[in-house]
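All remarks here apply to the structure that follows.
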Amino acid sequence: MVLRSNSPIAPAGGRLRWLASGWSRLATAFGAGALSALALPPLGWFPVLWLTLPVFVWLLDGATSPPGASLLARARPGFVTGWSFGFGYFVGGLWWIGAAFLVDAAEFAWLMPLAVLALPAGLALFWGAGAAVARLYWPPGWRRVVLLAVWLSLAEYLRGHLLTGFPWNAFGYTLMPVPLMMQVASLVGVWGVTLLAFLVFAAPVLLFGRDGGERTADRWAFVVLAALFVADLGYGAWRLASADATMVPGVRLRLVQPMIAQDEKWASGRDDEILGRYLSLSAKGMQDGQPPPFTHLIWPETAFPFLLAEKPNALATIGALLPEGTTLITGAARAEAVLGEEVEPRVFNSLQVIDSAGVIRDSYDKVHLVPFGEYLPFEGLFRRIGLRQMVALPGGFDAGSRAATIAVPGAPAFGPLICYEIIFPGAAIDPQNRPGWLVNVTNDAWFGDTPGPWQHLHQATIRAVEEGLPVARAANSGISAVINPYGNLIADLGIGSFGVLDAPLPSALPATIYSTYRDHLYFALIILAWVVSSTGRFTRTKQRN
């Protein structure tokens, strides 16, 4: 690779010239990406990005190719640099996934390196592609920062949608560690914040340019980007200061966190013991002749190691626990026979609503299943090499058909989201039937006390802000929480805690701008940023001519 004498990497001093060389450049990119993951939960050290993103820009400045190289040859240095940075970011942010492979170590431990390294390597392809395209059109000065933000945010958007999508740890989450900084998500959603994050965190590079013709413009661009960050904080402060803190009258939630270890959850012969644990926790504080401590009881994902519909005694026991007029919302597996065919019934990862008579009144089937966890993509191929999904269920789960809004007595209708489903921006609710709150049942016991449960909770919190809806989150091993529409946790139960969480239900807000327009505003911002960077470049070209 060649470092041009007028490259913006040179002004930072000859000390940075070594970043342009092959392996040192890639190692530096990987290290900067890995350090960037410190901005993710549970740490949330976002200021580190004001160091790592400028380094990334400088590395791309040096990712050049010889004059006259083909298109592919010109794209390769940018792609490899972007891939290396993304690989570091995803390894640093997703290493904890390996813990799931130790739950049944005898069968799955050998796959742990595949998850810890191969998944980040695949996700980093999106960053590599975004950086490659940006580097092909690499303009001087501040325009390169805008162009890079455009293409990397588009790469993140595609990562969240292609091949069923995996938007976990979208880069925008790094700019929203606390409620003050989350409120802009109610306007542009996580993808709009992702564009803003790339712009804001790369901005310091604009203070180090040496080209006299660009220096003044770069300084003004830095001021503009700094003002955007200040505006973000100002909007957050204004929205929180005028927050509606009312609660839904008459609704008392009880979330149960049973802390059942994953290797015990599906063990044979433990049906009665597990159900008994739920019942004893749920009955805490209940006294004859006294009003029940809850109106709505919520148990986590796949609470039972059996099918409720096939256990009438279990339903009768649940009905006996529930005081008159109360409701249980619980995760449960649900089976559905295939009429006219002699095949195994379809099994769904479901959420079910049970009344005080022990009757299942409604069900919702999980739409977004976890690849390799709940089902096996390309099943024929992978089974031939000895792979199966991690859930101990022959054939895995079947997927539900669509989002839903479920009516329950004594409370607003709610939108059900099972575990992984809450990470998908713009897909949290049925747009034709807006709910009054979201219920997220989950089981993060696979991952123990690692960053995974904290990252999952953070994404659920951002969904509350995007949609303007409170979230009640019941987790088997934590973190259970009730979250208001501004991203504040009004009650929570930490990782590894055993017990119940009692809380009121915050009132919903009117539909937010993001909830109304979804990603249209994000794409409008992308077009605006592209036009701004391109207009400046074309103007310079015209003046030179």
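Here are the numbers for this structure:
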quantity	calculated
Which of Ser350, Thr295, Trp220, positive extreme of dipole for the chain (C-beta unit charges)	Trp220
Neighbour-count ranking [beta-carbon atoms within 10 angstrom, fewest first] of Asp444, Asp430, Asp398, Asp288	Asp288, Asp430, Asp398, Asp444
Cβ-placed point charges (K, R +1; D, E -1), dipole of the chain about Cα centre in debye, nearest 20	2980
Formal net charge of residues neighbouring Asp355 (Cβ-Cβ distance under 12 Å; K, R +1; D, E -1)	-1
Among 505-513, 525-533, 166-174, the order from most to least packed when residues are scored by Cβ within 10 Å on average	166-174, 505-513, 525-533
Neighbourhood net charge (15 Å Cβ-Cβ; Lys/Arg +1, Asp/Glu -1) for Phe304	-1
Unit charges on C-beta of K, R, D, E only; dipole of the range 248-508, Debye	320
Overall dimensions of the range 248-508 by Cα: Rg and Dmax, Å	17.7, 61
Ranked Trp23, Trp95, Trp454, Trp299, criterion: other C-beta atoms within 10 Å, fewest first	Trp23, Trp95, Trp454, Trp299
Folded to 0 to 90 degrees: helix 185-202 orientation relative to the chain principal axis, Cα	40
C-alpha long axis of helix 71-94 to longest principal axis of the chain, angle in °	40
Residue-averaged [θ]222 nm for the chain, counting only DSSP H segments that reach four residues, each worth -39500 (n - 2.57)	-13000 deg cm²/dmol
Cβ-based net charge around Val80, under 15 Å, with every Lys or Arg adding one and every Asp or Glu removing one	+3
Additional length obtainable on full extension of the chain from Leu279 to Arg215, 0.36 nm per residue less Cα span	16.3 nm
Gain upon complete extension [Trp45, Leu117; 0.36 nm per residue less C-alpha separation]	23.6 nm
Acute angle (nearest 10 degrees) that the helix 212-241 long axis makes with the longest principal axis of the chain, alpha-carbon atoms	20
For the chain: relative contact order, % (alpha-carbon pairs under 8 angstrom, 6 or more apart)	14
Reciprocal of mean inverse Cα separation for the chain (Kirkwood radius, Å)	24.9
Gain upon complete extension [Leu163, Glu264; 0.36 nm per residue less C-alpha separation]	33.1 nm
Gap separating the Cα centres of the range 508-523 and the range 260-337, nearest whole Å	36
Approximate spin-label separation Ser401-Ile513, in nm, with each point projected 7 Å along Cα-to-Cβ	3.7
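Throughout, read-outs are computed from the coordinates displayed, never taken from laboratory work. Fair warning: this is a prediction, and the values are worked out from it, not measured in the lab. We place every Cβ from the backbone using ideal geometry, glycine too, and count neighbours over all the protein chains shown.
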